[in-house]
1. Test Pro116 against the stated conditions and say whether it is in contact (Cβ under 8 Å) with a residue 24 or more places away in the chain and not basic (Lys, Arg).
2. Just checking, which of Gly41, Gly73, Gly105 is of a type outside the set (A, V, I, L, M) and in a loop (DSSP other than H, G, I, E, B)?
3. Look at Val182 and say whether it is surrounded by 20 or more Cβ atoms within 10 Å (Cβ to Cβ), under 22 Å from Glu39 (Cβ atoms), touching a Pro at 6+ places or on another chain (Cβ under 6 Å) and of a type outside the set (Phe, Trp, Tyr).
4. Please state which one of Leu13, Leu43, Leu70 is within 22 Å of Thr198 (Cβ to Cβ), crowded, with 19+ Cβ neighbours inside 10 Å, at pLDDT below 95 and touching a Gly at 6+ places or on another chain (Cβ under 9 Å).
5. Could you check segment 80-99 and list, in sequence order, the residues that are surrounded by fewer than 22 Cβ atoms within 10 Å (Cβ to Cβ) and more than 22 Å from Ala27 (Cβ to Cβ)?
6. Those residues that are closer than 13 Å to Arg85 by Cβ and either within 16 Å of the chain's Cα centre (by Cα) or assigned to a helix (DSSP H, G or I) (or both), I need them from segment 44-58; list them, please.
Amino acid sequence: MSDPSRPAVPAGLVSCGVVAIARRLTADTAPQVGDALVEGGVLAFEITLNEPVTGALRAIESVAARAPGLAIGAGTVVSIDAAQRAIDAGATFLVMPHTDPELVGWASERGIPTLPGAFTPTEVLAAWRAGAAAVKLFPASVAGPAFVRECLGPFPEIPLVPSGGVTVQSAGDFIRAGAVAVGVGSWLIGDGDPAGVTARARQIVGAVADARATRSS
């Protein structure tokens, strides 16, 4: 049974099954990457809060002002202060590399979806109990699709989003194993060239759609 008090997984992430992850974008380049992602069918965009954080916050702000149809998240959120600053800049969901029940609970109480990172069943359940909208399986390249399949055995209600080392070659395997979506970083964003981002976005969205069709057939 779903919990009506739990923030929902962002619709953009669920619809296309992909969240793009970018690091060290500027306020000038981020909107171009966001436009390229949308053109390629990716509707969820995570901008990580790498140092200097102010630069990442400006990037989030610039994308939020330009792409209202794109779900914009802040990644590598490790404190409540950073979470608040990201939300103020326009982020609508928060992603973490770890599980911090206090941070997840703080966001959940405010209706902000979170995707805390987890690598073990204990961490997955702790993140879910704290109020996560979904749990980021990280690093996915180490855990592998088999972990998703086995973890959903005892925890079928927990949406898993594998992230870290996911490419077009592995995305379908994670989706067929039961993941609700995948997080894709360097493979998708590349050097930030818009034409390349759009082309790769179309590839990964297509791979996810094919895997979902196979899973449901």
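The values are calculated or read from the model by the stated rules, or taken from the named source; none is laboratory data. All figures in this text were calculated on a predicted structure; none of them were measured in a lab. Heads up, the Cβs are rebuilt from the backbone with ideal geometry, glycines too, and the neighbour counts pull from every protein chain shown.
1. Numbers: in contact (Cβ under 8 Å) with a residue 24 or more places away in the chain: no; not basic (Lys, Arg): yes.
Taking the combined requirement at face value, the residue does not satisfy it.
2. Details: Gly73 fails: in a loop (DSSP other than H, G, I, E, B); Gly105 fails: in a loop (DSSP other than H, G, I, E, B).
Unique residue meeting the criteria: Gly41.
3. Details: surrounded by 20 or more Cβ atoms within 10 Å (Cβ to Cβ): yes; under 22 Å from Glu39 (Cβ atoms): yes; touching a Pro at 6+ places or on another chain (Cβ under 6 Å): yes; of a type outside the set (Phe, Trp, Tyr): yes.
So Val182 fits the description; yes.
4. On the way: Leu13 fails: at pLDDT below 95; Leu43 fails: at pLDDT below 95.
Of Leu13, Leu43, Leu70, the one residue that is within 22 Å of Thr198 (Cβ to Cβ), crowded, with 19+ Cβ neighbours inside 10 Å, at pLDDT below 95 and touching a Gly at 6+ places or on another chain (Cβ under 9 Å) is Leu70.
5. Residues satisfying the conditions are Ile80, Pro97, His98.
6. So in segment 44-58, the residues closer than 13 Å to Arg85 by Cβ come out as 47, 49, 52-58.
Listed by number, the residues that qualify are Ile47, Leu49, Val53, Thr54, Gly55, Ala56, Leu57, Arg58.
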